[in-house]
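Engineer: I have a structure here, written as C-alpha cells, and I will follow up with some questions on it.
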Amino acid sequence: MNNSLTSRIEAIQKEIAFSGSVFVKDAELVLAESSFGYANRAEKLKNDADTRYGIASGCKIFTAVAISQLVEEGKISFETKLSEILDASFPNFDETITIHHLLTHTSGVPDYFDEEVMDDFEELWIKNPMYHMRRLQDFLPLFQHEHMKFIPGERFHYNNTGYILLGLIVEKVTGLVFTDYVQKRILEKAGMVHSGYFAFDRLPGKIASGYIDYEDGSWKTNIYSLPVQGGSDGGAFVTAEDMVKFWDALLQYELLNETMTKQLLTPHVQEDGDDYYGYGVWIKKKEDAIFKYHVMGYDPGVSFHSAIYPASSIKLAVCANISKGAFKILNEIEAELM
C-alpha cells in the first residue's frame, strides 16, 4: 500500500463526506484500497471491499466490447447500418446511421434523456414508470418516433439512445438477452465474479443503496429514480476491484484480440479540447500523447470513475453510492501519483 496516497484519500473523504470504495493498483501492487460510509444507512451497514455499486454509464464500455466481439467474429461490421439489422420501426431516423456512429455518439438519433431538454433523470419516469423498464425494448416508445438531432457523423453529442440501440443489435445478432450476453462473454471472462446487472426488486447481497442527499440533511434512496434494471446504456453493479479486473482483461487481450482492442481505444472523435471518445471509452490526451482511458457514470445516487494510465500502468476505480464525489477522489489520486 502507498501510505501517502491512502492518507490523501482519507483526508479528502472527510472533507466531502465521500461514501463508496476506492481501488488503485499498478502493474504488480495494490496502491490503495479503502471504503467509506454506509451501503445501507438505515441498518448502519458499512461499505467494504466486497460492496457492489451501480455505475450508471460507466458500463457503456461493456456494450462497446460486446459489439466489438461480434465484429471480430465477422457477424457485423462497424459500418453495418442500423436500418439493415433491426426490425423495429424508426420512421424519422436517417438510414445512413452506422454502428460506428452509435458507438461514438455521432449518430444524431434523438436521446431519450436529452440533457439539453431535461435537467433531472427522474423526470423520465413521471409518464413512464421506472418499474416497467426491464428490457431494452421497453425503451423504444421513448424515442423511436422522435426526429433526428443532426445528420449522422456531423458532430459529437453524448447519447444514451445510441447505446440502447447497440444493445438491441447484440440481442438481434446473438439471440441472447443483452445482460446475459455481457455476463457470460465479458464479466465472467474478466473474472468479475461479484458484478452483474441486478433488478432493484431482486437485489442480491452486498449491494450499496444509492442515496440522494438534500441541503437540509435529509435523504432518500434512488430506487424510484432509475430503471428497475440496467442495460446497454448503463446500470450494472460492480465492485471497485472487479472494475480494475476488467481493465486487466481488456489490456491482456482476453476480451478482444489486439487489433480490435486498439480499435476500441482509438480516439475516434474529439469531444472538446484534449478530450476524445473511442468506442464506449473517454480518452484524455496531454501534449499529443494518451494520458488516460477512462469511463464515468452519474445517476441520482450514483457517481463513478475508473481509469487506466498507459505511461504508468496504474489502474483505478472509484465507486460511490451518492450523487457526487467520485471525480474529486479521482483528481486527488491523479495529483498524488501523476
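Every read-out reported here was derived from the displayed coordinates using simple, explicitly stated rules and does not represent laboratory data. Fair warning: this is a prediction, and the values are worked out from it, not measured in the lab. Cβ sites come from the backbone with ideal geometry, for glycine too, and all protein chains shown count toward neighbours.
Engineer: With labels modelled as points extended 7 Å from the Cα through the Cβ direction, what inter-label distance (nm, one decimal) is found for LYS44 paired with VAL193?
Structural biologist: Distance between label points: 3.2 nm.
Engineer: Residue separation times 0.36 nm, minus the C-alpha to C-alpha distance between SER77 and ASP275: what's the value? Before the final figure, lay out each step's value.
Structural biologist: Working: separation 198, 0.36 × 198 = 71.28 nm, distance 2.57 nm.
Value of the extension gain: 68.7 nm.
Engineer: Treating the angle as unsigned and between 0 and 90°, give the value, to the nearest 10°, between the Cα long axis of helix 3-16 and the longest Cα principal axis of the chain.
Structural biologist: Tilt of helix 3-16: around 80 degrees.
Engineer: At a Förster radius of 56 Å, what calculated FRET efficiency corresponds to the Cβ-Cβ distance of LYS206 and GLU154, to the nearest 0.05?
Structural biologist: Working: r = 44 Å, r/R0 = 0.79.
It comes to 0.80.
Engineer: For the chain, count the residues as N, evaluate 2.2 N^0.38 Å, and divide the Cα radius of gyration by that value, please.
Structural biologist: 0.95
Engineer: Can I ask one more? Return the percentage of antiparallel bridges among DSSP beta bridges fully within the chain, rounded to the nearest 5 %. Present the calculation step by step, with values, prior to reporting the outcome.
Structural biologist: On the way: 47 of 49 bridges.
Beta bridges within the chain, antiparallel portion: roughly 95 percent.
Engineer: In terms of the ratio Rg/(2.2 N^0.38 Å) built on C-alpha atoms, what value belongs to segment 146-230?
Structural biologist: Numbers: Rg = 17.3 Å, N = 85, 2.2 N^0.38 = 11.9 Å.
Ratio of Rg to 2.2 N^0.38 Å for segment 146-230: 1.46.
Engineer: A further question follows. Per residue and in Å³, how big is the convex hull formed by the alpha-carbon atoms of segment 1-144?
Structural biologist: Details: hull volume 28.7 nm³, N = 144.
Dividing the Cα hull volume of segment 1-144 by its residues yields 199 Å³.
Engineer: Would you calculate the convex hull of the Cα atoms in segment 189-325 and tell me its volume per residue in Å³? Before the final figure, lay out each step's value.
Structural biologist: Details: hull volume 18.7 nm³, N = 137.
For segment 189-325, the hull spanned by Cα atoms encloses 136 Å³ per residue.
Engineer: Listed highest first by mean packing, meaning other Cβ atoms within 10 Å per residue, what order do 177-185, 85-93 come in?
Structural biologist: Values: 177-185: 19.1, 85-93: 13.3.
Highest mean packing first, the order is 177-185, 85-93.
Engineer: Next question, about the same structure. Which loop GluC sites (Glu not before Pro) in segment 218-307, with loop taken from DSSP, have no more than 10 other Cβ atoms within 10 angstrom of their Cβ? Show your work: numbers first, answer last.
Structural biologist: Details: sites: GLU241, GLU254, GLU258, GLU271, GLU287; in loops: GLU254, GLU287.
Filter output for segment 218-307: GLU287.
Engineer: Against the longest principal axis of the chain, how steep is helix 240-251, in degrees 0 to 90 to the nearest 10, with axes from Cα atoms?
Structural biologist: It works out to around 50 degrees.
Engineer: What whole-number value in cubic angstrom gives the convex hull volume per residue for the C-alpha atoms of segment 1-44?
Structural biologist: Each residue corresponds to 70 Å³ of Cα convex hull volume.
Engineer: Before rounding to the nearest 500, sum -39500 (n - 2.57) across all DSSP H runs of length at least 4 in the chain and divide by the residue total; then give [θ] at 222 nm in deg cm²/dmol. All intermediate terms of the calculation are to be shown ahead of the outcome.
Structural biologist: Working: 9 runs with 87 residues, N = 338.
So the calculated ellipticity at 222 nm is -7500 deg cm²/dmol.
Engineer: To the nearest 0.05, how large is the calculated FRET efficiency for ILE85 and ALA311 if R₀ is 35 Å and r is the Cβ-Cβ distance? Provide the component values of the computation, followed by the final result.
Structural biologist: Values: r = 39 Å, r/R0 = 1.11.
Calculated value: 0.35.
Engineer: Another question, if that's okay. How big is the gap, in Å, between the Cα center of segment 236-292 and the Cα center of segment 29-95?
Structural biologist: Each part's Cα centre sits 13 Å from the other's.
Engineer: So, one more: Got a sec to turn the phi values of segment 274-290 into Karplus ³J(HN,Hα) couplings, 6.51 cos²θ - 1.76 cosθ + 1.60 with θ = phi - 60°, whole Hz, x for Gly and Pro?
Structural biologist: 8, 9, 10, 10, x, 10, x, 9, 7, 9, 10, 9, 9, 6, 6, 10, 6
Engineer: Please find the FRET efficiency linking SER7 to GLU28, where r is the Cβ-Cβ separation and R0 is fixed at 22 Å, and quote it to the nearest 0.05. Each step should come with its number before you reach the end.
Structural biologist: Details: r = 22 Å, r/R0 = 0.98.
Once rounded, the FRET efficiency stands at 0.55.
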